[in-house]
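Data first, discussion second: the structure below is written as structure tokens.
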Amino acid sequence: MKRLAILRHAKSSWADAGMDDFDRPLNDRGRKAARRIGEELASRGLRFDLVLASEAVRVRETLAAAGEVYDFGSDIRYDDELYGAGEELLMAVIRAIPESDKSALIVGHNPGLEQIVADLTRDDAAGYRDRVASKFPTAALAVIDLGVGQWEQVGPGCGKIVELILPRELD
């Protein structure tokens with residue numbers, strides 16, 4: 001079985017309306033939420049063999065803030081294709097994860113992340129999928145157990161959300 005975690009970047013600043021979207025930093029609330037997610041990753045003992053992330057400033061800052069309290073344990077691979085990636089590209093990225101990696105974390109942006117989580121999963125007793133399908137907020141983390149032995153087998157409905165962490169529910 002493979003495990004995939006999807007993390008949306010934390011809340012970004014809109015203080016400079018003329019700033020390019022790619023360059024927007026986190027706001028204070030976003031930094032706090034990212035750090036809180038890092039604390040939660042550590043307390044739950046979640047580990048990843050591979051971390052793939054968008055190169056956008058707000059993603060880098062999300063990982064840096066989470067990394068203040070959580071050791072990602074592996075190098076973070078930044079990929080410019082993940083900035084604004086849609087469902088189709090995200091599926092290709094997932095299927096290309098090396099087989100030696102049992103668990104992976106992808107950090108990026110909506111709407112692509114919300115779409116891929118909903119596409120990969122089926123309804124669950126906890127109602128996690130329904131919650132993600134209606135809104136995958138900033139700094140949300142979905143952990144998905146995929147019912148496949150190889151990444152290239154990942155497809156619609158093959159997974160189940162086993163953990164859904166939302167910063168607003170942690171305070």
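The values are calculated or read from the model by the stated rules, or taken from the named source; none is laboratory data. From a predicted model like this one, the values you see are computed outputs, not experimental measurements. Cβ sites come from the backbone with ideal geometry, for glycine too, and all protein chains shown count toward neighbours.
Taking the listed residues Leu164, Leu90, Leu170, the one that is crowded, with 16+ Cβ neighbours inside 10 Å and either under 19 Å from Ile37 (Cα atoms) or touching a Pro at 6+ places or on another chain (Cβ under 8 Å) (or both) is Leu164, with no other qualifying.
Taking the range 73-118 as the range and being under 22 Å from Gly30 (Cβ atoms) and of a type in the set (Asp, Glu) as the test, the residues that pass are Asp79, Asp80, Glu114. Of all residues in the range 57-75, those that are among the basic types (Lys, Arg) have Cβ atoms under 8 Å from Cβ atoms of residues that are not in a helix (DSSP H, G or I), 6 or more apart or on another chain, in Arg58/His9; Arg58/Ala10; Arg58/Ser12; Arg58/Arg24; Arg58/Pro25; Arg58/Leu26; Arg60/Ala53; Arg60/Tyr78. Taken together, the residues in the range 1-56 that are free of Cβ contacts under 8 Å to residues at least 60 places away in the same chain, among the hydrophobic types (A, V, I, L, M, F, W, C) and either out of contact with any Asp or Glu (no Cβ under 7 Å at 6 or more places or on another chain) or under 16 Å from Gly73 (Cα atoms) (or both) amount to 11. When each of Arg122, Arg131 is tested for being charged (D, E, K, R), surrounded by 15 or more Cβ atoms within 10 Å (Cβ to Cβ) and modelled with pLDDT under 95, the lone residue that passes is Arg131. For the residues Leu63, Leu4, Leu50, the requirement of being modelled with pLDDT of 95 or more, surrounded by 17 or more Cβ atoms within 10 Å (Cβ to Cβ) and farther than 22 Å from Asp119 by Cβ singles out Leu63. Suppose the filter is surrounded by 20 or more Cβ atoms within 10 Å (Cβ to Cβ), in contact with a helix residue (DSSP H, G or I) (Cβ under 9 Å, 6 or more places away or on another chain), more than 23 Å from Pro156 (Cα to Cα) and not β-branched (Val, Ile, Thr); does Ala33 pass it? So Ala33 fits the description; yes.
Within the range 113-160, the set of residues being under 14 Å from the mean Cα position of the chain (by Cα), part of a helix (DSSP H, G or I) and not β-branched (Val, Ile, Thr) comprises Leu113, Glu114, Gln115, Ala118, Leu120. Residue count for the range 125-162 under the criterion of being of a type in the set (Asp, Glu), more than 21 Å from Leu46 (Cβ to Cβ) and in contact with a Lys or Arg (Cβ under 8 Å, 6 or more places away or on another chain): the result is 1. Give me the residue from the range 94-105 that is in contact with a helix residue (DSSP H, G or I) (Cβ under 7 Å, 6 or more places away or on another chain) and crowded, with 19+ Cβ neighbours inside 10 Å and, out of that set, nearest to Ile161 (Cα to Cα). Going through the qualifying residues, I end up with Ile94.
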